[in-house]
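First the structure, in the form of structure tokens, and then the observations on it.
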Amino acid sequence: MLAASLSVSNFHFWQTSNYFDAPSAVRPLLHTWSLGVEEQFYVVLPIFIFLLQRYLPRYLRTIVIVVAVASFAWSVVDVRIDPGAAFFLPFTRAWELLLGTMLALRIIPVPRSQVWREVIAACGILGILRSLVTLTVNSPFPGENALLPCGAAAAIILSGETGNTLTSRFLSRRPLVFVGLISYSLYLWHWPVLVFSRIAVFKKFDVPATLGNRLLLAIISIAIAAVSWRFIETPFRSGPRRPTKRAIFVFGGACVSIFVVSALALSSTRGITGRFSPSADAIAEYLNYGESHPNEAKTLFGSGSCFLDRRESLAHFNEAECLKAIPGKREILIFGDSHAANLRFGLGSSFRNLNFLQATSSSCPPTLAQNRISTPECKQFVNKVLNEYIPEKTITMVLLDADWNSADLNNLTDTVDLLHKRGVSVVVFGPFPEYDSDLPRLLAKSIANGETDFVRKHLDPQQEILDAHMSQMARDTWHVPYVSPLKVLCPDGRCVEYAAKDVPVEFDTSHLTLQGSEYLGHGVSTEFPNVFDPK
């Protein structure tokens with residue numbers, strides 16, 4: 001609230017967007033990041049243009065082009081190095097808005113003939129439609145993937161500069177114009193409607209998120225946006241009762257002040273924690289695991305040495321510490337992403353006769369081919385582990401684990417085959433229990449509401465399907481031992497929620513706490529006692 005009120009929420013979400021961040025489903029003001037980028041652009045651009053026009057008028061267009069190209073290049077590079085910064089920061093987004101500046105400055109030639117206008121407009125529509133089809137949640141963005149939708153939008157605007165086209169006539173139909181009129185209000189309202197429906201309606205009352213219910217939410221969002229546009233936006237913009245600029249400034253300043261003071265008050269009281277019981281508050285402490293339990297988090301993950309955050313390069317990996325042999329103990333390499341990093345402490349505490357080595361990196365499944373948003377650092381890390389660390393250290397057994405999805409499994413086959421060809425035994429660990437919101441938050445709410453089944457309603461059922469599929473592949477395709485964390489943590493279909501008194505098994509949607517790792521390790525030694533025996 002504080003960041004959004006000051007139009008800097010994009011910086012806030014950039015600073016707080018790490019691998020273990022809260023999911024978007026519980027952040028009702030997440031969408032204000034783009035408003036922050038726009039406001040920052042609208043403040044800087046007039047000053048920028050004014051200074052260029054005054055001191056370098058002959059080079060104004062050239063400098064605008066250079067800045068736009070530099071911003072685009074920055075975006076392309078940063079989306080691979082630091083995806084969070086590329087997404088949220090204005091420097092990597094400026095080129096998108098500068099496309100409009102280049103149109104306004106007539107840097108891009110305006111088509112004069114009807115044929116060219118029609119062609120450019122049609123290309124714009126096709127570009128937007130292609131973006132809708134090809135861009136997914138796993139597409140790196142912005143970078144070069146933003147070029148097509150932004151360029152397509154610019155093409156449609158450009159084609160309508162000097163005359164009508166079939167595209168402009170279609171977009172001028174009243175229903176589409178109405179959507180355009182309420183678009184700002186719709187943007188402001190749609191996300192909170194979606195968020196609160198997920199966390200306060202669907203799961204709380206066990207309502208399925210069916211297509212029909214999603215359409216209902218869309219209708220509700222449009223209805224609220226229409227009312228907001230008619231009775232809030234329009235009176236401020238036009239009409240006989242339009243407030244004066246002074247009144248708007250005073251009223252706006254008062255609103256911002258109220259929100260800022262409220263945000264500071266809520267933050268200083270940590271969300272007025274007195275409204276929760278001590279037990280619920282103790283559970284909620286695990287929401288900020290790295291801050292509230294920093295030593296546990298460091299011990300659990302081996303952060304900064306054996307577990308690389310997405311902002312850390314391979315140079316940060318401490319080979320001497322993470323791959324250190326212990327005389328008299330057989331080495332087993334834990335290889336994968338943060339879920340794999342979750343295992344070392346728990347397995348080490350239960351299988352004391354073994355030496356568990358660790359090579360893990362965030363958002364980096366242990367597969368040579370990558371189906372997700374993958375960085376060059378991830379690919380470099382996987383190649384380094386498979387082609388250098390394992391052969392050089394003469395490691396004979398590797399444990400593979402990650403935040404699996406179905407797209408990873410064929411790629412995992414290639415990894416298993418490669419290791420088998422080198423005489424390395426493989427053990428595959430399956431998916432962890434996963435929730436649609438952070439487990440400590442769900443537990444705190446269940447305590448506050450007195451609902452014993454509240455947490456269960458937020459469990460992702462797809463993990464069981466994936467677990468069964470991986471178990472079958474391990475038996476029939478990979479021919480390797482398979483360990484199911486779901487079998488350990490969710491016996492009889494009901495997942496264990498506490499690793500100890502007031503200690504949740506997981507500190508977010510799917511990552512184990514230190515005690516949760518220990519609980520899992522003990523369960524593995526009980527359910528799969530011989531899984532690490534030499535083959």
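The values are calculated or read from the model by the stated rules, or taken from the named source; none is laboratory data. This one's a predicted model, so the numbers in the text were calculated from it and none came from an experiment. Because the Cβ atoms are built from the backbone with ideal geometry, glycine has one as well, and the counts that use them run over all protein chains shown.
Each residue in the range 470-492 was checked for being touching a residue at least 24 places away in the same chain (Cβ under 8 Å) and more than 18 Å from residue 399 (Cα to Cα), and 2 of them qualify.
Within the range 375-386, residues that are in contact (Cβ under 8 Å) with a residue 24 or more places away in the chain and within 14 Å of residue 335 (Cβ to Cβ) have Cβ atoms under 7 Å from residues that are part of a helix (DSSP H, G or I) and not polar (S, T, N, Q) in these pairs: 381/314; 384/314; 386/418, counting only partners at least 6 apart in sequence or on another chain.
Quick one: which helices (runs of 4 or more DSSP H) lie wholly within the range 37-139 and hold at least 3 residues that are within 30 Å of residue 310 (Cβ to Cβ), aliphatic (A, V, I, L, M) and modelled with pLDDT of 95 or more?
Values: elements: 60-81, 83-88, 94-104, 114-134.
Those helices (runs of 4 or more DSSP H) span 60-81, 94-104.
Say whether the condition of being polar (S, T, N, Q), crowded, with 20+ Cβ neighbours inside 10 Å and within 18 Å of residue 508 (Cβ to Cβ) is met by at least one residue in the range 428-443. Among the residues of the range 428-443, not one is polar (S, T, N, Q), crowded, with 20+ Cβ neighbours inside 10 Å and within 18 Å of residue 508 (Cβ to Cβ), which makes the answer no.
Specify which of the listed residues (416, 428, 398) is among the β-branched types (Val, Ile, Thr) and under 30 Å from residue 286 (Cα atoms).
Values: 416 fails: under 30 Å from residue 286 (Cα atoms); 398 fails: under 30 Å from residue 286 (Cα atoms).
None of the other options fit; the residue is 428.
Can you confirm whether the range 232-255 contains a residue that is within 30 Å of residue 503 (Cβ to Cβ) and not hydroxyl-bearing (Ser, Thr, Tyr)? No, the range 232-255 contains no residue that is within 30 Å of residue 503 (Cβ to Cβ) and not hydroxyl-bearing (Ser, Thr, Tyr).
Conditions tested, residue by residue: (1) in contact with a helix residue (DSSP H, G or I) (Cβ under 9 Å, 6 or more places away or on another chain); (2) under 30 Å from residue 367 (Cα atoms); (3) modelled with pLDDT of 90 or more; (4) polar (S, T, N, Q).
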residue: 272; (1), (2), (3), (4): yes, no, no, no
residue: 276; (1), (2), (3), (4): yes, no, no, no
residue: 305; (1), (2), (3), (4): yes, yes, no, yes
residue: 331; (1), (2), (3), (4): no, yes, yes, no
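Taking the range 408-453 as the range and being among the basic types (Lys, Arg) and within 24 Å of the chain's Cα centre (by Cα) as the test, the residues that pass are 441, 445. Considering the range 140-165, the residues that are in a loop (DSSP other than H, G, I, E, B) and not hydrophobic (A, V, I, L, M, F, W, C) include one that is nearest to residue 87 (Cα to Cα), namely 142. Within the range 419-444, being more than 25 Å from residue 524 (Cβ to Cβ) and in contact (Cβ under 8 Å) with a residue 40 or more places away in the chain holds for 436, 437, 441, 444.
To keep it simple, each residue is scored yes or no on (1) at pLDDT 95 or above; (2) over 27 Å from residue 390 (Cα atoms).
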| position | (1), (2) |
| --- | --- |
| 423 | no, no |
| 440 | no, yes |
| 451 | no, yes |
| 454 | no, yes |
| 470 | yes, no |
| 492 | no, yes |
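Are any of the residues in the range 166-186 under 29 Å from residue 9 (Cα atoms), in contact (Cβ under 8 Å) with a residue 12 or more places away in the chain and not in a helix (DSSP H, G or I)? Checked against the condition, which is being under 29 Å from residue 9 (Cα atoms), in contact (Cβ under 8 Å) with a residue 12 or more places away in the chain and not in a helix (DSSP H, G or I), the range 166-186 yields at least one hit.
Just to be sure before I move on: is residue 223 modelled with pLDDT of 95 or more, over 30 Å from residue 75 (Cα atoms) and surrounded by fewer than 16 Cβ atoms within 10 Å (Cβ to Cβ) in the structure I sent? Full working, then the answer.
Numbers: modelled with pLDDT of 95 or more: yes; over 30 Å from residue 75 (Cα atoms): yes; surrounded by fewer than 16 Cβ atoms within 10 Å (Cβ to Cβ): yes.
Answer is yes for this residue.
Counting just the residues of the range 46-96 that are surrounded by fewer than 19 Cβ atoms within 10 Å (Cβ to Cβ) and closer than 23 Å to residue 156 by Cβ, which one comes out nearest to the chain's Cα centre (by Cα)? Checked the range 46-96; the qualifying residue nearest to the chain's Cα centre (by Cα) is 69.
Is it the case, given these coordinates, that residue 216 is without any contact (Cβ under 8 Å) to a residue 12 or more places away in the chain, loosely packed, with under 11 Cβ neighbours inside 10 Å and more than 23 Å from residue 508 (Cα to Cα)?
Values: without any contact (Cβ under 8 Å) to a residue 12 or more places away in the chain: yes; loosely packed, with under 11 Cβ neighbours inside 10 Å: no; more than 23 Å from residue 508 (Cα to Cα): yes.
Here the answer is no, as residue 216 does not meet what is asked.
The residues on offer are 207, 201, 195, and the sole one that is assigned to a helix (DSSP H, G or I), aliphatic (A, V, I, L, M), at pLDDT below 80 and closer than 30 Å to residue 438 by Cβ is 201. Could you go through the range 401-413 and let me know if any residue there is without any contact (Cβ under 8 Å) to a residue 12 or more places away in the chain, over 25 Å from residue 310 (Cβ atoms) and surrounded by fewer than 16 Cβ atoms within 10 Å (Cβ to Cβ). No: the range 401-413 contains no residue that is without any contact (Cβ under 8 Å) to a residue 12 or more places away in the chain, over 25 Å from residue 310 (Cβ atoms) and surrounded by fewer than 16 Cβ atoms within 10 Å (Cβ to Cβ).
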